[in-house]
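Contents: one structure, followed by commentary.
The values are calculated or read from the model by the stated rules, or taken from the named source; none is laboratory data. Since we're looking at a predicted model, the values are computed, not measured. Cβ sites come from the backbone with ideal geometry, for glycine too, and all protein chains shown count toward neighbours.
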Amino acid sequence: MSATSRLFAGIMVLLLLAVPAWAGSMPANVKIGETAQGKVLTNAEGMSLYTFKKDVANSGKSMCNGVCAKNWPPLAVPAGFTAGDGWSEITRADGAKQLAYHGKPLYAFIKDKKAGETMGNGFKHVWALARP
């Protein structure tokens, strides 16, 4: 093995050690974003994700349907998703699959217009930013 190959291999090992354990297991449509309120889970477009206090963790159900779901769009389960490391899916009342983190379904907020906005945090005292 050449010196360059050994150096490259060493750098790769360091990079792998520097990546948090959960980073490799996140669904394809979820990222970690930085906002004025700290780190949050975001969708693929960088829009903040939220949890709804009326959703019971690990119940497999969403309490946000109809008009609620129009204002708080559910985060769809991506193709090829495999549950694990805190990630799961629920089946909504309309039959659609929704992504959940630690048993809580995830939603975006229609009034957040650009990445990093957190307009929904604390909304009506029942919505909270989803945190990594």
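Among the numbered conditions (1) hydrophobic (A, V, I, L, M, F, W, C); (2) farther than 21 Å from SER25 by Cα; (3) within 14 Å of the chain's Cα centre (by Cα), tell me where MET119 comes up short.
Every listed condition holds for MET119 apart from (3).
On the basis of being touching a residue at least 40 places away in the same chain (Cβ under 8 Å) and either touching a Gly at 6+ places or on another chain (Cβ under 8 Å) or small (Gly, Ala, Ser) (or both), does GLY66 make the cut?
For GLY66, the condition - touching a residue at least 40 places away in the same chain (Cβ under 8 Å) and either touching a Gly at 6+ places or on another chain (Cβ under 8 Å) or small (Gly, Ala, Ser) (or both) - is not met.
Quick check on MET63: is it modelled with pLDDT of 95 or more, among the aliphatic types (A, V, I, L, M), under 13 Å from TYR107 (Cβ atoms) and within 14 Å of the chain's Cα centre (by Cα)?
Answer is no for this residue.
If you check LYS124, LYS114, LYS104, which single one turns out to be among the basic types (Lys, Arg), crowded, with 19+ Cβ neighbours inside 10 Å and under 20 Å from THR35 (Cβ atoms)?
That would be LYS104, the only listed residue that is among the basic types (Lys, Arg), crowded, with 19+ Cβ neighbours inside 10 Å and under 20 Å from THR35 (Cβ atoms).
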